Amino acid sequence: MYTIGERISELRKKKGLTQEQLGDAVGVSAQAVSKWENGGAPDLAILPFLADKLGVTIDELFGRDSHDSKPMSDTIRDYLSSIPGDKRLYELFALSLAMFSGLEPMADFIDDADKTVFQIRPSAYAKVGFGDDISWLRTVVADDSGIKLSIFAEDCPMTLILPEPECGYKHNLTSEEEYTRLFSALGRKNAMKVVLWLASCDSAGGNYIHASTVSQGVGIPADEVEEILSDLESAGLLSAMNIEYESKTIRAYSLNDCCGLVPFLYFARWISLRNSAMYCAIYNRKKPYFENI
């Protein structure tokens with residue numbers, strides 16, 4: 001099976017183009033073209049220009065017949081598999097932004113100078129008002145079909161596309177009591193310090209730590225740490241287990257879900273921003289977000 005780089009090399013040579021000539025035509029260096037042809041992959045935004053210059057469709061650029069009825073999901077899978085593993089997550093983000101802009105086409109997403117379909121801003125942060133007030137530069141689209149949130153920035157690439165199911169958003173909420181327990185536990189003094197310290201010690205989960213170790217790590221008295229850990233366990237943020245040690249039983253704790261914690265804290269920051277800096281905001285929603293609360 002051809003990789004996209006091998007396909008580009010084949011088509012370029014058939015056209016009698018040097019790497020430099022092809023690069024000039026699509027706005028990149030000859031080194032970039034060489035990198036594609038030796039196992040890399042072009043950015044998503046360049047593909048239309050690349051296909052045009054090589055005289056093929058985007059389907060044919062991937063080695064498919066233009067009349068092939070292969071599902072788009074398979075095409076995206078094949079495209080991502082052609083990209084080096086350490087670059088795939090960011091390229092998936094770029095794909096999600098392309099879909100985002102397709103839902104609400106906006107002129108601001110087009111930058112003719114560098115031939116990008118959307119502009120990735122260099123920083124997620126922008127000044128708001130006067131003084132040193134800094135906020136995230138965000139994009140929001142909300143209508144009756146769902147919610148789309150993004151930050152178009154290399155230092156904080158983030159996107160959420162949340163279509164509303166027929167049963168509504170409320171159907172997938174947990175109980176009011178569960179939310180109260182969670183936010184009450186996190187609202188305790190020093191609770192966030194404990195959570196972040198635990199997350200800094202455990203990148204994969206399953207690492208159980210005794211309260212005395214947490215106490216030393218965060219500089220908080222052990223009895224206070226025990227209470228915080230107990231509340232966090234009750235809220236579902238931590239797991240706990242009893243360990244037999246030197247003829248006594250001690251209780252140790254572990255974060256349940258570091259992967260869920262990061263986006264949770266990101267979006268907690270999103271909704272808590274007092275000053276709103278928006279790259280783009282489109283609100284076309286007519287119905288309430290939660291029915292019959």
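The values are calculated or read from the model by the stated rules, or taken from the named source; none is laboratory data. Keep in mind that this is a model prediction, so the values were computed, not measured. Cβ sites come from the backbone with ideal geometry, for glycine too, and all protein chains shown count toward neighbours. Note: areas computed on protein heavy atoms with side chains; ligands, DNA, RNA excluded. Shrake-Rupley method; radii C 1.70, N 1.55, O 1.52, S 1.80 Å.
Side notes on the structure shown:
- Residue in segment 268-286 that is of a type in the set (S, T, Y), assigned to a strand (DSSP E or B) and touching a residue at least 60 places away in the same chain (Cβ under 8 Å) present: yes
- Total residues in segment 249-267, condition surrounded by fewer than 15 Cβ atoms within 10 Å (Cβ to Cβ) and assigned to a strand (DSSP E or B): 2
- When residues of segment 202-218 are limited to those that are over 18 Å from I250 (Cα atoms) and surrounded by fewer than 14 Cβ atoms within 10 Å (Cβ to Cβ), the one modelled with the lowest pLDDT: S203
- Meets criteria (basic (K, R), closer than 29 Å to R138 by Cα and under 23 Å from the mean Cα position of the chain (by Cα)) for R269: yes
- Exclusive hit being acidic (D, E), buried (at least 17 other Cβ atoms within 10 Å of the Cβ) and farther than 15 Å from C259 by Cα, set E227, E233: E233
- Filter pass, T180 being farther than 18 Å from R251 by Cα and part of a loop (DSSP other than H, G, I, E, B): no
- When residues in segment 118-150 are screened for being surrounded by 12 or more Cβ atoms within 10 Å (Cβ to Cβ) and more than 16 Å from the chain's Cα centre (by Cα), 14 of them pass.
- Beta carbons closer than 6 Å, at least 6 apart along the sequence or on distinct chains, pair a first residue in segment 132-148 that is touching a residue at least 60 places away in the same chain (Cβ under 8 Å) and closer than 17 Å to S276 by Cβ with a second that is open to solvent by less than 30 Å² (accessible area, probe 1.4 Å) and of a type in the set (K, R) for V141/K148.
- Qualifying positions in segment 256-288 - of a type in the set (F, W, Y) and in contact with a helix residue (DSSP H, G or I) (Cβ under 6 Å, 6 or more places away or on another chain): none
- Of the set (1) basic (K, R); (2) open to solvent by less than 30 Å² (accessible area, probe 1.4 Å); (3) closer than 29 Å to F152 by Cβ, all apply to K53 but (2).
- Where helices (runs of 4 or more DSSP H) sit wholly within segment 1-118, those with at least 2 residues that are over 25 Å from I161 (Cβ atoms) and at pLDDT 75 or above occupy 4-14, 19-26, 30-37, 47-54, 58-61.
- Any chance Y169 is closer than 28 Å to N242 by Cα and of a type in the set (F, W, Y): no
- Options V225, V214, V194: the member that is part of a helix (DSSP H, G or I) and either touching a strand residue (DSSP E or B) at 6+ places or on another chain (Cβ under 8 Å) or at positive phi (or both): V214
- Within segment 37-51, residues that are more than 20 Å from F93 (Cα to Cα) have Cβ atoms under 6 Å from residues that are of a type in the set (A, V, I, L, M) in these pairs: E37/I8; F49/V26; L50/V26; A51/I58; A51/L61, counting only partners at least 6 apart in sequence or on another chain.
- Single residue of segment 81-95 satisfying the filter (more than 21 Å from E6 (Cα to Cα) and in contact (Cβ under 8 Å) with a residue 24 or more places away in the chain) that is surrounded by the most Cβ atoms within 10 Å (Cβ to Cβ): A94
- Residue in segment 151-161 that is part of a helix (DSSP H, G or I), aromatic (F, W, Y) and within 24 Å of the chain's Cα centre (by Cα) present: no
- Residue check, N242 within 30 Å of S135 (Cβ to Cβ) and not small (G, A, S): no
- Under the condition of being hydrophobic (A, V, I, L, M, F, W, C) and either loosely packed, with under 14 Cβ neighbours inside 10 Å or over 17 Å from D257 (Cβ atoms) (or both), the residues counted in segment 169-191 number 2.
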